[in-house]
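The values are calculated or read from the model by the stated rules, or taken from the named source; none is laboratory data. These numbers were taken from a predicted model, which means no experiment stands behind them. Using ideal geometry, Cβ is built from the backbone for each residue, glycine included, and neighbour counts are taken over all protein chains shown.
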Amino acid sequence: MNFLKTTTSSSPDSELIQSYKKTGDLDVLALLFQNYMELVYGVCLKYLKNQEDAQDAVINIYEELIVKVRKYEIEHFKAWIYQLSKNHCLMKLRKSSTKMVDFEDGFMQIGENAHLDLVNAKEIQLTIMEDCLKTLNANQKSAIELFYLESKCYQEIAKMTNMEPGKVKSHIQNGRRNLKICMDNQFKSI
C-alpha cells in the first residue's frame, strides 16, 4: 500500500458502501478505503507516534473494514472511519501497556479476560449510542452528528442546515440531553 498517494473515486461513499455490501467485492472496498487512507494514516501516526506502527495499523484497519462495513449502517463514512481508526489505535496502546494490579505481596498481571470485558463494554456502549441517536428528532440528530462526528462549528452547521446559530446550539444541547437520558435508560435495562 502506498501511504502517501490516494486516488479518489467519483462515486459517493454511500454508493461504494452499498455496492460492497451487495457484492462483497474487495476492489470496491479498496476504492472506498483509498479515499480515506491518508486520514487513517494521520490518525494512526498521531496516536502511535511511529511510522511503522501507523502503517501496520492502517493495514489492520482495512482488514477490520472487510467485516465491519457489511455489519454496520454507516451514514457518514469519513466520521465513522476516523472513529474506527482512533479506537483501533487506542486499543493497540492499551494492549501494549501492561496493566498491573497491586496485591499485598507484589503485582499480578491482569488476564486477557479483563481486557475482553473492557472491549465488550465499549462495544455495548457504542451500540446503545447508535440506537439512541436514532430516537432523536431529525434536527437534533443532524446537529449532534455534524458537531460531534464531523467537528463542525455552530456557524457551519447553521449554514449547512439553514438554521439560526441559536437554534443549532439549542438542538445540540437538547439532543445531548435526550441522548444521555436514552442511554441511561438503556443501561438500566441491561
**Study point:** Residue tally, condition in a helix (DSSP H, G or I) and over 16 Å from E130 (Cα atoms), over region 173-190
**Key:** 3
**Study point:** Test: Q125 is outside the structural domain of S151 (by TED's automatic domain parsing) and either in a helix (DSSP H, G or I) or modelled with pLDDT of 85 or more (or both)
**Key:** no
Review point. Any idea which residue in region 131-160 is farthest from I81 (Cα to Cα), counting only those that are assigned to a helix (DSSP H, G or I) and either of a type in the set (K, R) or in contact (Cβ under 8 Å) with a residue 60 or more places away in the chain (or both)?
Key: K159
Review point. Among the candidates T161, T135, which residue alone is modelled with pLDDT of 90 or more, surrounded by fewer than 16 Cβ atoms within 10 Å (Cβ to Cβ) and among the hydroxyl-bearing types (S, T, Y)?
Key: T135
